[in-house]
Amino acid sequence: MAKNLPQGGLQRLIQERRGNRSYESLSRDCGGTPAKPNLVRLATDEYKSFPRPDAMIGLAKGLKVRVQDIVVASAISCGIQLPKGLAGSSDDLVIPGAGKLPDESRSMLEELAGNMLWWQEQVEAERSKAGDSKAAEGDDAVDNVTELRPDWGRMAADTGEPGVDPEQQPED
């Protein structure tokens, strides 16, 4: 295996996402492209040029990452300096394949994520107003996120509230 593989490069991405699969198995998961010998070369050798587009698409499929992730990792492996933020962030949540969803579904996911991020910003703003010491201590007093799970341990009969008689239910 080649030494000094670049952090964030394609070699490391392949090695990390391969898991315990053999290169032959990973090649099958990639749809046969890249083939096993090329996959081994991409995972272990230093190189100065990008993989072919069909190999990048296959790698994205087999590694279950976006093609963009393969392109960025390939650029890093080739020694190309990328602008800060282009390579993504550990704060990013990626849902592989979500770009293939219908426009309405994609919009719904984007809106939901936007709303959740807005609420998170509000929580962080409140925590910063309360002082960094409380935020550092993990004070949840300013947390405005509500858990909507029912309390399954507490039934209507336990509280004296009228329950539902299954014998009285209308038939379908």
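The values are calculated or read from the model by the stated rules, or taken from the named source; none is laboratory data. Everything quoted here is computed from the prediction, not taken from an experiment. Don't worry about glycine lacking a Cβ; one is built from the backbone with ideal geometry, like all the others, and counts go over all protein chains shown. Quick note on the areas: whole protein, heavy atoms, side chains included, nothing else; ligands and nucleic acids left out. Shrake-Rupley method; radii C 1.70, N 1.55, O 1.52, S 1.80 Å.
When segment 22-48 is filtered for residues that are outside any helix (DSSP H, G or I), at pLDDT 90 or above and open to solvent by less than 50 Å² (accessible area, probe 1.4 Å), the ones remaining, listed by number, are CYS30, GLY32, THR33, PRO34, ALA35. When every residue of segment 63-73 is checked against the conditions, none turns out to be surrounded by fewer than 15 Cβ atoms within 10 Å (Cβ to Cβ) and small (Gly, Ala, Ser).
Among the residues making up segment 79-105, those that are modelled with pLDDT of 85 or more and open to solvent by less than 90 Å² (accessible area, probe 1.4 Å) are GLY79, ILE80, LEU101, PRO102, SER105.
For segment 94-135, which positions are assigned to a helix (DSSP H, G or I) and small (Gly, Ala, Ser)? If the condition is that a residue be assigned to a helix (DSSP H, G or I) and small (Gly, Ala, Ser), then ALA98, GLY99, SER105, SER107, ALA113, GLY114, ALA125, SER128, ALA130, SER133, ALA135 are the ones that fit.
Of the residues in segment 145-152, at least one is in contact with a helix residue (DSSP H, G or I) (Cβ under 9 Å, 6 or more places away or on another chain) and either modelled with pLDDT of 80 or more or over 28 Å from ILE14 (Cα atoms) (or both). Does any residue of segment 49-57 turn out to be hydrophobic (A, V, I, L, M, F, W, C) and open to solvent by less than 60 Å² (accessible area, probe 1.4 Å)? Yes: one or more hits. From the set of residues in segment 115-125 that are modelled with pLDDT of 80 or more and open to solvent by less than 90 Å² (accessible area, probe 1.4 Å), which is farthest from VAL67 (Cα to Cα)? Across segment 115-125, the extreme among qualifying residues is VAL123. The single condition among (1) of a type outside the set (S, T, N, Q); (2) modelled with pLDDT under 80; (3) open to solvent by 80 Å² or more (accessible area, probe 1.4 Å) that GLU111 does not meet is (2).
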